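Working notes, structure below.
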Amino acid sequence: MKKKITVPEIRALKGGSKVATMITCYDYTNAKLVDESDIDMILVGDSLGMTMLGYHGTVGVTLDDMIYHAKHVVKGAPNTFVIGDMPFGTYNVSIEEAVRNANKLFMESGCDCIKLEGGSDMAPVIKAIVKAGIPVCAHIGLTPQSAAMMGGFKVQGKSLEAAQELLDSARAVEEAGAFMVVLEGIPKMLADVITEKLSIPTMGIGAGAGCDMQVLVAQDMLGMNEWVPKFVKKYADLHKIIIDAYNQYVKESNERTFPDHDTQYNAVIEGIENLK
Ligand code: KIV
């Protein structure tokens, strides 16, 4: 059986040959499936705003939403390291409030660490949360909670100046005590440099194969959505498999070929014709 990876073991992956993998997950049933697979980590991401709640982005997701989903994932995946995402508005007001909200997510969900978006500006917040005893995964580059500021979901760090800013941010979150950092939506060339210059492991999403670890959104890589971003590979076509199954069920129900002898209860009730 798979053994849950620990924070020191994740740190020790740096520079090694194993590329640890993470997938998003938001519910008990899917958590059980991930737990049975070789995937090392689960992210209960605030992407649940889009995948579970039907929002256009992540900004409407609340701390209670995150706790609700994360605690059921933790229950379904006892052998998988679970990261809980801090949603927008829960760590951008004051350091005290950020620590209070990180404590709440960590304690009430049972997740193994928290993740928050932001680079140099967020370093003091990361430092305070780590000091409080909670492991922090940082997240820089295309940070979906700041999509409005970025003018949409756009690749970041494309100019030399922007690349330097991102490298500075990566160093700042490392210095603040983050034990790993997600690099999202940046050129491979820049992700490779950040990975080489940091001593904590990087986890890429839309950042090329040179990162120490990889993460994808489950609904995208399972092919549940027809449109996916350029950086996603569909490892399955669940969209077709699920719709075909639904339609076959409708067809067989109408043909009265389902339920059949094997999928019904066949007890014989003597005298049933006498029922009034
Ligand atoms: O919320 C999320 O799913 C994420 C990943 C895209 C890294 O932050």
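The values are calculated or read from the model by the stated rules, or taken from the named source; none is laboratory data. All of these numbers come straight from a predicted model, not from anything done at the bench. In this analysis, Cβ positions are derived from the backbone assuming ideal geometry, glycine residues included, and neighbour counts consider all displayed protein chains. These area figures cover heavy atoms from the full protein model, side chains too; ligands, DNA and RNA do not enter into them. Shrake-Rupley method; radii C 1.70, N 1.55, O 1.52, S 1.80 Å.
Residue under question is residue 153, and the condition is that it be touching a strand residue (DSSP E or B) at 6+ places or on another chain (Cβ under 8 Å), open to solvent by 50 Å² or more (accessible area, probe 1.4 Å) and either modelled with pLDDT of 95 or more or within 14 Å of the ligand (Cβ to nearest atom) (or both); does it hold? The answer is no for residue 153.
Looking across segment 195-239, the residues that are acidic (Asp, Glu) and open to solvent by 30 Å² or more (accessible area, probe 1.4 Å) come down to 196, 226, 237. Residues in segment 105-122 that are touching a residue at least 24 places away in the same chain (Cβ under 8 Å), surrounded by fewer than 20 Cβ atoms within 10 Å (Cβ to Cβ) and not in a loop (DSSP other than H, G, I, E, B): 108, 120.
When segment 38-56 is filtered for residues that are in contact (Cβ under 8 Å) with a residue 24 or more places away in the chain and either more than 12 Å from the ligand (Cβ to nearest atom) or β-branched (Val, Ile, Thr) (or both), the ones remaining, listed by number, are 38, 39, 40, 42, 44, 51. Residue count for segment 123-134, restricted to those that are open to solvent by 30 Å² or more (accessible area, probe 1.4 Å) and assigned to a loop (DSSP other than H, G, I, E, B): 2. Is segment 182-194 home to any residue that is over 22 Å from residue 136 (Cα atoms), crowded, with 21+ Cβ neighbours inside 10 Å and more than 10 Å from the ligand (Cβ to nearest atom)? Yes, segment 182-194 contains at least one residue that is over 22 Å from residue 136 (Cα atoms), crowded, with 21+ Cβ neighbours inside 10 Å and more than 10 Å from the ligand (Cβ to nearest atom). Criterion applied to 73, 34, 19, 7 was being open to solvent by less than 10 Å² (accessible area, probe 1.4 Å) and touching a residue at least 12 places away in the same chain (Cβ under 8 Å), and the one residue passing it is 73.
Each row is one residue, and each column tells you yes or no for (1) among the β-branched types (Val, Ile, Thr); (2) in contact with a Gly (Cβ under 9 Å, 6 or more places away or on another chain); (3) modelled with pLDDT under 95.
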{"position": "68", "(1), (2), (3)": "no, no, no"}
{"position": "73", "(1), (2), (3)": "yes, yes, no"}
{"position": "79", "(1), (2), (3)": "no, no, no"}
{"position": "89", "(1), (2), (3)": "no, no, no"}
{"position": "93", "(1), (2), (3)": "yes, no, no"}
{"position": "98", "(1), (2), (3)": "no, no, no"}
{"position": "113", "(1), (2), (3)": "no, yes, no"}
